[in-house]
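Here the structure is laid out as C-alpha cells; the discussion comes afterwards.
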Amino acid sequence: MALLQVRDLSVRFVRKQEPTVSAVDGVSFDVQAGRTVGLVGESGCGKSVTSLAIMGLLPGRGTEVSGSVRLDGDELLRLPRRELDRRRGRDMSMVFQDPLTSLNPVVPIGVQISEVMERHRGMSRRVARGEAAKLLERVGIPDPGRRLKEYSHQLSGGMRQRALIAMALACEPRVLVADEPTTALDVTIQAQILNLLRELVAETGTALIMITHDLGVVAGTCDEVNVLYAGRIVESAERHELFAGPRHPYTAGLMASVPRLDTPRGNRLAPISGSVEDNIPWEDGCAFSPRCSRALPRCSERTPEIEPIEAGRWLRCHNPIEEHARNTERPHD
Amino acid sequence: MTETTGEPNSGSAVPDGAGAQEPADRPLVELRDLRVHFPIKRGVLLDRTVGWVYAVDGVSLRIDRGSTYGLVGESGCGKSTLGKTVLRLEKPSSGSIVLDGTDMSRVSGEPLRRMRRRMQMVFQDTLSSLDPRQSVESLLVEGLRAHGMDEGRGRTERRLRELLSAVGLPASALRRYPHEFSGGQRQRVGIARALAVEPELVVADEPVSALDVSVQAQVLNVLRDLQDEYGLTYLVIAHDLAVVRHVADRVGVMYLGGLVEEADSDELYERPLHPYTRALLSAVPVPDPEVEDSRERILLSGDLPSPADPPAGCPFQTRCPWRQPGVCDVERPEPRELGEGHRVACHYAESIRDGALPGGSAGTVE
Amino acid sequence: MVPGTQRGKRIDELAESGSDGSAGISLAASAWRRLRRSPTFLLGAGIIAAFVLLALVSPLLAQHDPALRLLEDQVSRADNSIPEPQGDFPLGGDQYGRPLLSRLLLGSQQTLLVALTATVLGLGGGLTLGILAGAFGGWVDTVVMRVVDVLLSVPSLLLAVSIGALFQQQSRFTVIIAVATVQIPIFGRLLRGTMLAQRASDHVLAARALGVKQRSVVFRHMLPNALGPVVVQATLMLAVAIIDAAALSFLGLGAADTSTPEWGQMLGSAQNFFDTHPHLAFWPAGCIIVVALGFTLVGESLRDALDPKKRR
C-alpha cells in the first residue's frame, strides 16, 4: 500500500454573501516512500490548496474539506486536532515558497530547529542543539555552529530556504511537502536546492510532494506527475511518459508554450489562448474547453471523467491527443 | 549642473573610435564604461555617505537597430539598474549612454523629457505599473499628449484602436480599468502604452516573469510581432535564460554589476566560455526528463557577494570552481574578444574551454 | 466558439460579441459599491446627514431666539435654580434663562461651521506642505518635515490652547485658527508619506518613462493615488475638530460673546452646574459625541472601502 493515499479530496471555500468556490475537486493520488510526486499547474489550479489540505493547515472556518487522506492507513482528515498537530511535524512537514515569512524573525534559526526536535522527538535541549547543527551541515549550510545563533534576516535567500528545509527534516518526516520551494530563488541557488531535495529523497526514503508551476523542475525531480487545472487532475503519468507524449491538450499546450534552452531561437511559441479566468464550471463540461484547441461540442456539455488509459496513466479528456507521437519522437531509451 | 542639449547634435561631441559612421550602421544604443553607484547614507539630521553600492560598474555594449539585446543575470546583478539608466530613469555616475549619436548621460529637464518619446519601457509588475485610477484610454492618450502627438479626436481614436489591435486587445478595453484585466492582458496594455509614442528603443524589464506559463508565450509572441512590424529595437532584461534565448539576437551576461560575457545568442548558448555562464546554463531546468537525467551540472557554492562590498580581483572568484589563487583574487579580468563578437571577462576562458584547467570538476556533479 | 456559461470577465469574448456597451468600473465606483453595502457607513452617513440637515433647517425648527433671556425671571443666583422644562420650552432654559432646545438646535450650525472650516483650512495647509515635501523631496522635504516634527511634538490640544491663547480677543475665528493649525502638520505628514510612496511606485516611474510632464505626474498620478488615506483622515479629523473646538470653548478660549450658541461653548459654560443641573452639559455633550461618532464611522468605512486589498 502507498505511504500516503489521497482519495477524492475536495476543498470548498464557503463565504457569506459570496458564491462558494470549489478550489479542489475530487483529487486522488498515491505517494510511495522514496518517490517524488509532482502537482503541476498555473495560478489558481488548486495545487497549493491541495497541499495545505493534506497537511491539515487550512483555516477551519469557511472551508469544507471532504474525501480522504491516509498516511500508513490512518485517516488524517478525521484525526482530532491535537493528534494531527502531533503527526504534523513528526510524520509530515512542509517547505514553503517564501522562506523569509516562514521563519520567525525574532528567534534564532538554531532555536527554531531544536524546538521542533525537543517537542516531537523528546530530545533534551543539548542533544537537540547538536542535532540542529548536524542538520544545517546536512542541508549544506557552512559553519553551522555560527549560523545556529543567527536570525533569518541575516541569511541569504538560499540559506534561508536551506534552514527551512533543515527545520522540515528535523523529525525525519516520512512525507515532505514542498510548495514552490525554489520559485523565489535564483537559478544557481535553485539548482543547489533541487539537488539537495533529490539527495534527501534518495538517501532517507522520504516521500516528496513537489508543487510547482515550472515544467523544468518537474522534469528534473518528479517520478510521477499530476497536472491540475481548475481544481481537478486532468492528466497523471510517470514523468518520462508524460513528457514524451502528453495526451491532454492542456499538458501539451503548457509544454509547447514554454521557451526552452535547447530549442533554437526564432521558433514561434504556441501559446494557449485566453487565461485561467476563462473557465467554465466543471459541472457544465470541461473547464478547459473555452481555451482548448481540440474542443468538441460535447466538451462544453458533458463533464469528462478521469479514466485510466494504461498502467499508471490517467486522463480526463473527451478528445485526447493521439498516441502516435510517442513511438516516433523518442530516439533513445 | 551642465546642460548639454543641442550640442550632441553636432555629431563630433561624441568621440567615436571607429571614426565617423553612417547613421545606417551606427548602433541605436551604445554604452561606454557605464557606472551607476548608489551612496549608502546614514545619519539623523545630516545624511553622511558611508559607502557605495556598485550597482553597475563599467559596462560597455552596443545594441544594433532592429535587434534584440538580451541581458541576463541573477537578482542583484544590476541588470534592472542598467535598464533604467539606459532610459535615464537613473542618473549614471560616469560613462556615456549614446542613443542614435546623442550622448544622453548629461541631458536633463525638458530636453530629456522630449527624448523619452524615442525610448520606452515595459514593466514586470503589470498591476503596479499602471495607474489604477486611469482607464486604458487615458493611460494610452497620456503619452500622445505628453509629446504633442494628440492630433484631434478622430485621429487619436483611430490610433488607439490600432494600438490595441496590434497587441491583441479589443477596442472595448479602452473604457476599462487595469484591475479588470488578467495579468497577460494588462501586460498587453503596458506594451500598447509604450508603443503609443512610436519609440525606437523598448527596454523590457522581466516582461513575462510575473505571468502564468501559458500566457508568457502570448506576450512573447506579441513582442516579436511588433518588432517585425515596427522595426523596434529591444533591450530585454530577464533572469530566465530560456526566455532570453527565445527572443534575443545578442546576449550579455551580468554578474555583480559587470558584463562577464557577451556574444550572439546561438554562440553564447552553444559555446559558453565564462564559468558563470556555464554554471548558469547548466542550472536552468529543462522540461525534458531525458535531458535532465543526463546533463552535467556545475553547482556553484555559496551566494552572490554584496554589490556594496565586491571581492577583489574577479567579481566571480568567490564562487568559481576554476579559481586560480594569485591571479583571480588579485586582478580584475577585462573583457577580451575570443572569436567573432564573443567577449569574455575571464583570465582562463580558453583553458577552461579546452578542459586544460583542473578544478572545475570539483563543483560538477553526476 | 464553445458555448457555455461564463465566469469572470471575458474581454476577448466581449470583442467577438461586439462589446457589451458597459463601461469599466473605476476604483472609485467599486469603492462606492462596497460602501453602499456597509452598515457602518450607512449608520455614520445617516448621522452626518441628519446633522447637516439639522444645521440647515434649525432656524425653522427653533421656536425662540436663542439670544433672548426669555426665562430670566426663573433664574435665581441665590438658590442656584434654573428654568425647568415647561410648556413651550421642552428642555427648559440655561443659566441665563435662554431657551435650551432652541440653543441646541441652532448650535449645530456653528458647530458644523467651526469643524468644517477648521478641517478645510487644516487640510489645505497640510496638502500644500505634503505636496511640496512629497513631490520635490530633497531639502524642501527636510525643511518642511522638521517644522512639522516640531509641531507634532507638542500634544495637539496643548498646541491648540497655546495658539488660542495667543490672540488678544477670543472669538469663533480664533477657535477655527487654533484647531486648523493643529491639523496642518497631521495632514502634511500623512500626505507626504503617501506621496513619497507614490513617487517610488512603478506607475509613477512608468509615467516618467513615458515623458509625462512633472506637473502632470504630480497632479494626475501621485496626488489622486495619495489622497485616499487623506480623505479618510479628513473625515476622522472632522470629529476631532468638533471635540477640539468644544474643548477650547470649555477651557474658556472660545467666543466671549455667547449669544450665538455653539455646542462646545454650551458644554463649557455648563461646567459650573454639573452637580446641580447635569442636563445642561448632557445635551450638548451628547450631540457632540453622536456627531463625532458619525464622522468616525464614515471615516472607518471609507478606509476599508479604499483598501486596494479588498477590491472586487
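The values are calculated or read from the model by the stated rules, or taken from the named source; none is laboratory data. Everything numeric in this text was worked out from a predicted model, so none of it was measured. Glycine gets a Cβ as well: all are built from the backbone with ideal geometry, and neighbour counts include every protein chain shown.
Assessment of the stretch B:144-152 against the conditions (crowded, with 22+ Cβ neighbours inside 10 Å and outside any helix (DSSP H, G or I)) yields no matching residue. Candidates A:65, A:107: the one that is at pLDDT 85 or above and not assigned by TED's automatic domain parsing to the domain that holds residue A:12 is A:107. Screening the candidates B:347, B:274 for the property of being touching a Cys at 6+ places or on another chain (Cβ under 7 Å), within 14 Å of chain A (Cβ to nearest Cβ) and over 30 Å from residue A:147 (Cα atoms) yields one hit, B:274. Each residue in the stretch C:260-285 was checked for being of a type in the set (S, T, N, Q) and either in a helix (DSSP H, G or I) or crowded, with 18+ Cβ neighbours inside 10 Å (or both), and 4 of them qualify. Within the stretch A:10-20, being surrounded by fewer than 14 Cβ atoms within 10 Å (Cβ to Cβ) and either assigned to a strand (DSSP E or B) or among the β-branched types (Val, Ile, Thr) (or both) holds for A:14, A:15, A:18, A:19, A:20. Checked against (1) modelled with pLDDT of 90 or more; (2) surrounded by fewer than 22 Cβ atoms within 10 Å (Cβ to Cβ); (3) closer than 30 Å to residue C:116 by Cβ; (4) hydrophobic (A, V, I, L, M, F, W, C), residue C:205 passes all but condition (3). Within the stretch A:40-96, being in a loop (DSSP other than H, G, I, E, B) and without any contact (Cβ under 8 Å) to a residue 12 or more places away in the chain holds for A:59, A:60, A:61, A:78, A:80. All of B:326, B:339, B:302, B:313 fail the test of being at positive phi and touching a residue at least 60 places away in the same chain (Cβ under 8 Å), apart from B:339.
Looking across the stretch B:246-268 at every residue that is assigned to a strand (DSSP E or B) and hydrophobic (A, V, I, L, M, F, W, C), the one that is nearest to the other protein chains (Cβ to nearest Cβ) is identified as B:251.
Residue B:86 falls short on exactly one of the conditions (1) in contact with a strand residue (DSSP E or B) (Cβ under 7 Å, 6 or more places away or on another chain); (2) closer than 28 Å to residue B:280 by Cβ; (3) at pLDDT below 95; (4) within 14 Å of another protein chain (Cβ to nearest Cβ), and that condition is (3). Of the residues in the stretch B:178-192, how many are facing chain C (nearest Cβ under 7 Å) and either of a type in the set (Val, Ile, Thr) or buried (at least 24 other Cβ atoms within 10 Å of the Cβ) (or both)? Number of matching residues: 2. Yes or no: the stretch B:200-208 includes at least one residue that is modelled with pLDDT under 95, within 14 Å of chain C (Cβ to nearest Cβ) and in a helix (DSSP H, G or I). Within the stretch B:200-208, not a single residue is modelled with pLDDT under 95, within 14 Å of chain C (Cβ to nearest Cβ) and in a helix (DSSP H, G or I).
Taken as a whole, the structure places residue C:245 among residues that are crowded, with 23+ Cβ neighbours inside 10 Å and in contact (Cβ under 8 Å) with a residue 12 or more places away in the chain. When we screen B:311, B:321 for residues that are touching a helix residue (DSSP H, G or I) at 6+ places or on another chain (Cβ under 9 Å) and of a type outside the set (A, V, I, L, M, F, W, C), the only hit is B:321. Is it the case that some residue within the stretch A:142-161 is under 24 Å from residue B:284 (Cα atoms), assigned by TED's automatic domain parsing to the domain that holds residue A:212 and crowded, with 16+ Cβ neighbours inside 10 Å? No, the stretch A:142-161 contains no residue that is under 24 Å from residue B:284 (Cα atoms), assigned by TED's automatic domain parsing to the domain that holds residue A:212 and crowded, with 16+ Cβ neighbours inside 10 Å.
Those residues that are in a loop (DSSP other than H, G, I, E, B) and surrounded by fewer than 21 Cβ atoms within 10 Å (Cβ to Cβ), I need them from the stretch B:269-283; list them, please. Of everything in the stretch B:269-283, just one residue is in a loop (DSSP other than H, G, I, E, B) and surrounded by fewer than 21 Cβ atoms within 10 Å (Cβ to Cβ), namely B:271. With respect to the stated conditions, residue B:308 is touching a residue at least 24 places away in the same chain (Cβ under 8 Å), out of contact with any Cys (no Cβ under 9 Å at 6 or more places or on another chain) and of a type in the set (A, V, I, L, M). Within the stretch C:195-210, residues that are basic (Lys, Arg) sit with their Cβ atoms under 8 Å from residues that are outside any helix (DSSP H, G or I), at 6+ positions apart or across chains, in these pairs: C:199/C:137; C:208/B:89.
Entry remark, the stretch A:173-200: residues being within 20 Å of residue A:41 (Cα to Cα) and charged (D, E, K, R) number 2 in total. Inclusion of residue C:246 among residues that are in a helix (DSSP H, G or I) and farther than 30 Å from residue C:67 by Cα is not warranted. For the stretch C:187-241, give me each residue that is under 13 Å from the mean Cα position of the chain (by Cα) and more than 14 Å from chain B (Cβ to nearest Cβ). Answer for the stretch C:187-241, where residues must be under 13 Å from the mean Cα position of the chain (by Cα) and more than 14 Å from chain B (Cβ to nearest Cβ): C:187, C:230, C:232, C:233, C:234, C:235, C:236, C:237, C:238, C:239, C:240, C:241. Looking across the stretch B:117-135, just one residue is under 15 Å from residue C:220 (Cβ atoms) and more than 7 Å from every other protein chain (Cβ to nearest Cβ), and that is B:134. Count of the stretch B:332-362 residues, restricted to those that are part of a loop (DSSP other than H, G, I, E, B) and within 27 Å of the chain's Cα centre (by Cα), is 13.
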